[in-house]
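Bear in mind these aren't lab numbers, they're just calculated from the coordinates by the rules spelled out. Please read these numbers as outputs of a predicted model, since none were measured by experiment.
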């Protein structure tokens, strides 16, 4: 007998979040840099001090960035659309909700609401294709710790990564095809751009870089199997913060090294468009590419609420059951 038939279930999507308005930029930065998975010091007081200094230094610049993309991050609205489409593809009895790690809606608000709705089992799906302690584990721990704090005796089932999921990767292929349009793949280089990570975290055993490399190899093979033979493919890392050594090569150095001046950037570590895609890739690095004399510089969209991503999430839920 399937015990799940007698339990009220919810699927909760987990992501980093982003400011819902300019006033939330400071909150976003404060919460992110107070995360012990991000600032890895044993001293809570030292972490709070570092977070305060970074927040003070970066708030104004970050607000300027968000002004250029509409005054807020697109991540919350896009995630709402994704949840709506996922909910429509599932039985009415299954609740679909989402939690952001650093901005509303946060774990306490969502967990309390689901508890009051009588949910007894939650399927947690972090919207990070590749696993990292800085993203996946931070979000999972945040939700589960919050559930414990509010006395919610809920059963949780979680997934750690899905970069090898065939439906998901077909979704990415479709987004790449959209960026390519009617042009020939042979006339473009591809750069798989992943959010960077301090080298020290990888050296301590975080599998993120290994997952990125494995993912790019899978996608490259899928593209070739579907007749998309790009001039060359590359892996690079973006969004470096601070003086520490981060994963290399940086996206800028990768662009500078290309002799071929037609490129499509694929934001391989993101499932939902955000400031790193809408500003950093689509505006900031587009300017760099223009200065470097690129004939074509394109950025493929994240999956967002693409039907194949909705299908991916439904399949992940069904597998978890």
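Note the angle between two axes, namely the Cα long axis of helix 208-225 and the longest principal axis of the Cα atoms of the chain, as a number of degrees from 0 to 90, rounded to the nearest 10.
60 degrees
Using only Cα atoms, find the angle between the long axis of helix 307-320 and the longest principal axis of the chain, and express it within 0 to 90 degrees, rounded to the nearest 10.
40 degrees
With every atom except the alpha carbons ignored, what do you get for Rg and Dmax of region 128-219, in angstroms?
Rg and Dmax of region 128-219, Cα atoms, are 17.4, 58 Å.
With the alpha-carbon atoms as the only input, what is the per residue convex hull volume for region 9-105 in Å³?
About 96 Å³ per residue, rounded to a whole number.
By DSSP, what percent of the beta bridges with both residues in the chain are antiparallel, rounded to the nearest 5?
Counting DSSP beta bridges with both partners in the chain, the antiparallel share is about 5 percent.
Kindly express, to the nearest 10 degrees and within the range 0 to 90, the angle between helix 166-180's C-alpha long axis and the longest C-alpha principal axis of the chain.
Here the helix axis deviates by roughly 40 degrees.
What percentages make up the Cα-Cα pair-distance distribution of region 274-321 when the bins are 10 Å wide from 0?
Going from the shortest bin to the longest, the percentages are 24, 30, 22, 18, 6, 0.
Which one of 265, 75, 39 has the biggest mean-square fluctuation once the chain is modelled by GNM with Cα springs under 10 Å?
In this elastic network of the chain, the residue with the biggest mean-square fluctuation among 265, 75, 39 is 39.
Identify which of 182, 282, 132 has the largest mean-square fluctuation in a Gaussian network model of the chain, with springs joining Cα atoms closer than 10 Å.
With Cα springs under 10 Å in the chain, the top fluctuation among 182, 282, 132 is at 182.
Restricting to Cα atoms and excluding each atom paired with itself, what does the Kirkwood estimate give for region 59-104 in Å?
For region 59-104, inverting the mean 1/r across all distinct Cα pairs yields 12.5 Å.
Given bins 10 angstrom wide, list per bin the percent of all Cα-Cα distances in region 249-294, short to long.
25, 58, 17, 0
For the chain, what does the equivalent ellipsoid look like in terms of its semi-axes, each the square root of 5 times an eigenvalue of the Cα gyration tensor, given largest first in whole Å?
They are 32, 25, 17 Å, listed from largest to smallest.
What 222 nm value per residue comes from the helices of the chain, counting each DSSP H run with n ≥ 4 as -39,500 (n - 2.57) and dividing by all residues, nearest 500 deg cm²/dmol?
That comes out to -13500 deg cm²/dmol.
Over the chain, with a Gaussian network built from C-alpha contacts below 10 Å, which listed residue (53, 16, 32) shows the highest mean-square fluctuation?
53
In a solvent-free Debye calculation with one equal scatterer on each Cα, what is log10 I(q)/I(0) for region 166-299 at q = 0.13, 0.15, 0.21 Å⁻¹, listed in the order of the q values?
These q points yield log10 I(q)/I(0) values of -0.53, -0.71, -1.39.
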